Amino acid sequence: MIYRPFTSLLIANRGEIACRIMRTAKRMGLRTIAVYSEADKDALHVRMADSAVYIGPAAARESYLSLTAIIKAAQETGAEAIHPGYGFLSENASFADAIAAAGLVFVGPPASAIRAMGDKANAKKLMAKGGGPLLPGYEGDDQSDAAFIAAAEKVGFPLILKPSAGGGGKGMKVAHSVAELKEALPGTRSVAKSSFGDERLILERFLARPRHVEVQIFADSHGNAVHLFERDCTLQRRHQKVIEEAPAPDLPQASRDTLHKAAVMAATAVGYVGAGTVEFLLEDGKNPYFMEMNTRLQVEHPVTESITGYDLVEWQLRVAMGEKLPAQQNEIKATGHAVEARLYAEDAAAGFLPQTGTIEHLHFPTTARIDSGVVAGDAITIHYDPMIAKVITTGADRKTALANLAKALDETEVIGLTTNRNILRRLARNAVFTESPPDINWLDREVDGIIAQPKPEQADGLLAAAILSLGTKVGTTPWTQRSGWKLNLPATQTVWLRDEAGVTHQLSIATDATTTVHGVRTSDAVTLFINGDDYRYEIIDPLANAGTTQDGEHHIRAPMPGRVIAVHVKDGQKVERGSAIIVLEAMKMEHTLRAPADGVVKMVRFAVGDQVTEGTDLIEWEPAA
């Protein structure tokens, strides 16, 4: 690898991480270059950069995942170094090799370290060699069914089957018997090959209710390696992190020491350089077992920055410039507690479906650290992760940090699309979670009840919404509004509002009525923010839909924009309630649409590879008599 000073940096990423890296790079006096796809031509990271280069269409595989396009952009702009951020190409060893071959500096670990730790089987062997804590399992070269079955019978059930080259929980299957293992092997191999280009698998003893704890490590090219304490990432939904915190609470010091020692050992074993995270599962709140190493900066790195006072992106850049680590182990201290919540455009009540649309209004409190890549007026599209921001708060202790997070989320306002803000607010106050991190499956078990918690009724909310709906919109005059306004005379206006339950209300309001309320009027709705809860009222034009008719209900429609990746039925086929019909991919997630009842497919309107918009008729079907 090349380690040398540089003055210009290309950020091979987008969104909040690109903006985050850009802020630190600018503070260090570096010239910043952004890359962008067709969908991101007006994105915040593009506007922040000193210069920007177009690298391809919206699809990530044709832009942000294109090694040649990004290296060409660096060469054309005179960039001396490339920072991959996280996701996309950050853990791509071929990308690191290509950057080095082009004579540029890669802000990340050597390609050899990425390869060594990117393979779960190899990583476990390295950890075993160093005496690290490992779950019993199998990661052998013999990948036959017989080898896995023999290993399973030796280790004992339940077991978890994982793609060796995988991540993010994709493809993992739990088996409680030999029969279940035999059934899981072909499907998991198929997912591993299609998703990661490698069908090799590993097997581990399954921990039913562990915690997830990870250690932030850093190393330089001079042989120094340190840890910056640990983070608890136990609060997850379907293996996706929701709220992270540092340091890990309720952890015996002996367990903490084991984690730190094993993490640094893993880094030194592969000649690591730069930022990395070593992840562990914690059994019974005290026994750690190595899971994997992420050879990049993590989404949740701000909580580590908050308790240590260090800028980890600055550390990355300085290490890539060939400098020694800014601090040695005995100088690194942790103070207080920090928590981070990931604010996403997603509908929790609809199975956390990603949402798309334009952010009409966006407000964050000044009392929290906000890492975001969007502003009001920006769009969340189908092409990328639907993250809006990370909300980070601190406190002298865990309960204070969580209370500050709850308050910050109360004061966060997003209008234009549905977000997970309300469930994050509830989690930050949840009695079980605030007492101590539960296990990684807790949220999946409890999520329905948390989502179903009703918002408090607001007796004055309807009146306030009606008054706000009479507000003058920018660029209008009394003569262009149909408001019942009369020169020098009082007027009364009738307002029709539809609340979130779908109930229509008719109110007559004097146009000179006044009230004090915090709310936002957009083109077709009023949103009130009362004690952190949001209440949306749609403004109805009673003449808008005159003469229209409703379509029949014998259709399966797209719940969001996306790409068709599988069709499981054909015209004339009989289907049973709950059977898989069609699979959409949107924002890096797969969504299977199922038959709502027994019936017959009348027409399949789309094929694999087709792009569809929200509400599109995908399947026409006839319910059984």
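The values are calculated or read from the model by the stated rules, or taken from the named source; none is laboratory data. As the structure is a prediction and not an experimental result, all values here were calculated from the model. Cβ sites come from the backbone with ideal geometry, for glycine too, and all protein chains shown count toward neighbours. Note: accessible area is taken over every heavy atom of the protein model, side chains too, but ligands, DNA and RNA are not part of it. Shrake-Rupley method; radii C 1.70, N 1.55, O 1.52, S 1.80 Å.
Among the residues of the stretch 343-357, count how many are at pLDDT 95 or above and either part of a loop (DSSP other than H, G, I, E, B) or surrounded by fewer than 21 Cβ atoms within 10 Å (Cβ to Cβ) (or both).
Qualifying residue count, the stretch 343-357: 1.
Can you find even one residue in the stretch 68-83 that is open to solvent by less than 50 Å² (accessible area, probe 1.4 Å), hydroxyl-bearing (Ser, Thr, Tyr) and in a loop (DSSP other than H, G, I, E, B)?
Scanning the stretch 68-83 turns up no residue that is open to solvent by less than 50 Å² (accessible area, probe 1.4 Å), hydroxyl-bearing (Ser, Thr, Tyr) and in a loop (DSSP other than H, G, I, E, B).
May I ask you to list pairs of residues, at least six apart or on different chains, whose Cβ atoms are under 6 Å apart, with the first in the stretch 26-37 being in contact (Cβ under 8 Å) with a residue 60 or more places away in the chain and the second being outside any strand (DSSP E or B) and surrounded by 15 or more Cβ atoms within 10 Å (Cβ to Cβ)?
What qualifies is Ser37/Ala58; Ser37/Ser63.
Take the conditions closer than 30 Å to Glu314 by Cβ, of a type in the set (Gly, Ala, Ser) and open to solvent by 60 Å² or more (accessible area, probe 1.4 Å) and apply them to Gly223. Does it pass?
Answer is yes for this residue.
Yes or no: the stretch 152-168 includes at least one residue that is assigned to a helix (DSSP H, G or I) and surrounded by 22 or more Cβ atoms within 10 Å (Cβ to Cβ).
Taking every residue of the stretch 152-168 in turn, at least one turns out to be assigned to a helix (DSSP H, G or I) and surrounded by 22 or more Cβ atoms within 10 Å (Cβ to Cβ).
Considering only the stretch 414-451, how many residues are under 18 Å from Pro365 (Cβ atoms) and among the aliphatic types (A, V, I, L, M)?
Result for the stretch 414-451: 5.
Identify all residues within the stretch 358-381 that are part of a loop (DSSP other than H, G, I, E, B) and open to solvent by 30 Å² or more (accessible area, probe 1.4 Å); write none if there are none.
Selection gives Glu360, Phe364, Thr366, Thr367, Val375, Ala376, Gly377, Thr381.
Residue by residue through the stretch 137-151, note down the ones that are open to solvent by less than 60 Å² (accessible area, probe 1.4 Å) and in a loop (DSSP other than H, G, I, E, B).
Glu139, Gly140, Gln143, Ser144
Condition first: more than 28 Å from the chain's Cα centre (by Cα), crowded, with 17+ Cβ neighbours inside 10 Å and of a type outside the set (A, V, I, L, M, F, W, C). Now tell me which residues in the stretch 569-599 satisfy that.
Gly599
Mind listing whichever residues of the stretch 238-251 are farther than 18 Å from Gly309 by Cα, among the charged types (D, E, K, R) and crowded, with 18+ Cβ neighbours inside 10 Å?
Kept after step one, since they are farther than 18 Å from Gly309 by Cα, are these residues of the stretch 238-251: 238-243, 249-251.
Keeping just the survivors that are among the charged types (D, E, K, R) gives 238, 241, 250.
Matches in the stretch 238-251: Lys241 only.
Pairs please, first residue from the stretch 44-61 and at positive phi and open to solvent by less than 60 Å² (accessible area, probe 1.4 Å), second anywhere and part of a loop (DSSP other than H, G, I, E, B) and not acidic (Asp, Glu), Cβ atoms under 9 Å, 6+ apart in sequence or on different chains.
Sorted first by the residue in the stretch 44-61, then by its partner, the pairs are Gly56/Ser63; Gly56/Tyr64; Gly56/Ser66.
Could you check the stretch 16-39 and list, in sequence order, the residues that are touching a helix residue (DSSP H, G or I) at 6+ places or on another chain (Cβ under 7 Å) and open to solvent by 10 Å² or more (accessible area, probe 1.4 Å)?
Arg20, Met28, Tyr36
Yes/no per residue for (1) among the basic types (Lys, Arg); (2) modelled with pLDDT under 95; (3) open to solvent by 40 Å² or more (accessible area, probe 1.4 Å):
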residue: Thr393; (1), (2), (3): no, no, no
residue: Asp410; (1), (2), (3): no, no, no
residue: Leu424; (1), (2), (3): no, no, no
residue: Asp448; (1), (2), (3): no, yes, yes
residue: Asp460; (1), (2), (3): no, yes, yes
residue: Ala464; (1), (2), (3): no, yes, no
residue: Ser469; (1), (2), (3): no, yes, no
residue: Val474; (1), (2), (3): no, yes, yes
